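Trainee: Dumping the structure here so I can ask a few things about it.
Bear in mind these aren't lab numbers, they're just calculated from the coordinates by the rules spelled out. In this text the structure is predicted, and so the values were computed from the model without any measurement. Note that we place each Cβ from the backbone using ideal geometry, even for glycine, and neighbour counts take in every protein chain shown.
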Amino acid sequence: RKEVEQDPGPFNVPEGATVAFNCTYSNSASQSFFWYRQDCRKEPKLLMSVYSSGNEDGRFTAQLNRASQYISLLIRDSKLSDSATYLCVVNLYNFNKFYFGSGTKLNVKP
Amino acid sequence: DTGVSQNPRHKITKRGQNVTFRCDPISEHNRLYWYRQTLGQGPEFLTYFQNEAQLEKSRLLSDRFSAERPKGSFSTLEIQRTEQGDSAMYLCASSPGGQGVRRGYTFGSGTRLTVV
């Protein structure tokens, strides 16, 4: 079983829509959680960390549900520039490496 | 530029040749990581250094792969006797040590390897 699982999508949404992605992780000892954004043929870039209490950064909201072992990302008022692959990332108890999901592809259309 | 720098950006090599990639991390970061990413997949962990010490290696890192970070600054990843299955994007990342890793990694632009 993979450490981190994501729906690969693609999610095709119109501009202005609200879209949400979920990701599940298998190890209950996981301690740090992140969402990374990756544009085609580019490196992943940190979008936001995910805190236990949930956190928001502009149009982006991240939530963590430890009991069910999932993380979510909500994007409000989608922009064309939000089109990318969103990678869910989990860091286990030893902090030595991150486990990446395969990514969820988002296409925002005019 | 204070980001993570990787060279070369692209490498095309014939099967059986050796290749070497270089990564220059953010200068104040003492942790350096190598990941590999193939199409449609997320990055997969290969190895990590804390300063000059290589502390962990993935089972993905066969004996044809070797990584070094001789002075705790830049790192090299060498692949010997390349195979077509080695074709991938090789990503380097760095982070502060200790609790600083909770702020996430910073990735370089990657080296895209094509083995023909």
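Trainee: Summing Lys, Arg as +1 and Asp, Glu as -1, what charge do residues with Cβ under 9 Å from the Cβ of B:Arg36 carry, B:Arg36 excluded? Walk me through the intermediate numbers first.
Mentor: Working: positive: none; negative: B:Glu44, B:Asp86.
Net of charged neighbours comes to -2.
Trainee: So which cysteines of the protein assembly as shown have no other cysteine's Cβ under 4.7 Å from theirs?
Mentor: Cysteines lacking a close Cβ partner in the protein assembly as shown: A:Cys40.
Trainee: Expressed as a whole percent, how much of the Cα-Cα distance distribution for the protein assembly as shown exceeds 28 Å?
Mentor: Values: 7854 of 25425 pairs.
Tail of P(r) above 28 Å: 31 percent of Cα pairs.
Trainee: Positive end of the charge dipole of the stretch A:14-110 (Lys, Arg +1 and Asp, Glu -1 on Cβ, about the Cα centre): tell me which of A:Gly16, A:Leu106, A:Cys40 has its Cα farthest that way.
Mentor: A:Cys40
Trainee: What do you get for GluC sites (Glu not before Pro) in the stretch B:63-116 restricted to DSSP loop and a cutoff of at most 15 other Cβ within 10 Å of the site's Cβ?
Mentor: Numbers: sites: B:Glu68, B:Glu78, B:Glu83; in loops: B:Glu83.
Sparse-neighbourhood loop GluC sites (Glu not before Pro): B:Glu83.
Trainee: Place a +1 charge on the Cβ of each Lys and Arg in chain B and a -1 charge on the Cβ of each Asp and Glu, then give the dipole magnitude about the Cα centre in debye, rounded to the nearest 20. Intermediate values should be presented prior to the final figure.
Mentor: Numbers: 16 positive and 11 negative charges, 45 e Å.
Using Cβ point charges on Lys, Arg, Asp and Glu, chain B gives about 220 debye.
Trainee: Could you work out, residue by residue across B:42-49, how many beta carbons of other chains sit within 10 Å of that residue's beta carbon, and then give the average as an integer? Present the calculation step by step, with values, prior to reporting the outcome.
Mentor: Details: counts 16, 11, 3, 5, 1, 1, 3, 0.
Average per residue, whole number: 5.
Trainee: Over 20 Å between Cα atoms, which of B:Lys14/B:Lys71; A:Lys42/B:Lys14; A:Lys105/B:Lys57; A:Lys2/B:Lys57; A:Lys45/A:Lys105 qualify? Kindly include the intermediate steps, with their values, before the conclusion.
Mentor: Details: B:Lys14/B:Lys71 31 Å; A:Lys42/B:Lys14 24 Å; A:Lys105/B:Lys57 29 Å; A:Lys2/B:Lys57 18 Å; A:Lys45/A:Lys105 15 Å.
Going by Cα-Cα distance, B:Lys14/B:Lys71; A:Lys42/B:Lys14; A:Lys105/B:Lys57 fall outside the 20 Å limit.
Trainee: Still on this structure, I have one more. Ignore the peptide's own chain and count Cβ atoms of other chains within 10 Å of each Cβ in B:105-111; give me the average, rounded.
Mentor: On the way: counts 9, 4, 7, 1, 3, 4, 0.
Across B:105-111, the average partner-chain Cβ count within 10 Å equals 4.
Trainee: Pop out the ³J(HN,Hα) list for the stretch B:71-86 in order, Karplus 6.51 cos²θ - 1.76 cosθ + 1.60 with θ = phi - 60°, rounded to Hz; leave Gly and Pro as x.
Mentor: Result, ordered by residue: 10, x, 10, 6, 10, 10, 10, 10, 10, 9, 6, 4, 10, 4, x, 7 Hz.
Trainee: May I ask you to evaluate 6.51 cos²θ - 1.76 cosθ + 1.60, the Karplus curve with θ = phi - 60°, for each residue of the stretch A:59-76 and list the ³J(HN,Hα) values in order in whole Hz, giving x for glycine and proline?
Mentor: 7, 10, 10, 10, 10, 10, 10, 5, 4, 9, 6, 9, 10, 10, 10, 10, 10, 9
Trainee: Name the residue farthest towards the positive end of the dipole of the stretch B:6-83 from the options B:Ser27, B:Thr38, B:Gln54, assuming +1 on Cβ of Lys and Arg, -1 on Cβ of Asp and Glu, about the Cα centre.
Mentor: Going by the Cα projections, it comes out as B:Thr38.
Trainee: Ignore the peptide's own chain and count Cβ atoms of other chains within 10 Å of each Cβ in A:71-77; give me the average, rounded. All intermediate terms of the calculation are to be shown ahead of the outcome.
Mentor: Values: counts 0, 0, 0, 0, 0, 0, 0.
Mean shielding by partner chains, rounded to a whole number: 0.
Trainee: FRET efficiency for B:Arg81 and A:Asp39, Cβ-Cβ distance as r, R0 = 45 Å, nearest 0.05?
Mentor: 0.85
Trainee: Arrange the following residues from fewest to most other Cβ atoms within 10 Å of their Cβ: B:Leu39, A:Leu47, A:Leu74, B:Leu32.
Mentor: Values: B:Leu39 8, A:Leu47 21, A:Leu74 15, B:Leu32 28.
Lowest count first: B:Leu39, A:Leu74, A:Leu47, B:Leu32.
Trainee: Something else about it: Whole-Hz Karplus ³J(HN,Hα) for the stretch A:10-15, in order, using 6.51 cos²θ - 1.76 cosθ + 1.60 and θ = phi - 60°, x for Gly and Pro?
Mentor: x, 9, 9, 10, x, 3
Trainee: Collect residues whose amide H, placed 1.01 Å from N in the peptide plane, falls under 5 Å from the amide H of B:Ser5; neighbours closer than 5 in sequence don't count.
Mentor: The list, which skips near neighbours in sequence, is B:Asp24.
Trainee: I would also like to ask the following. Can you sort A:Asp39, B:Asp86 so the residue with the fewest Cβ neighbours within 10 Å comes first?
Mentor: So the ranking, lowest neighbour count to highest, is A:Asp39, B:Asp86.
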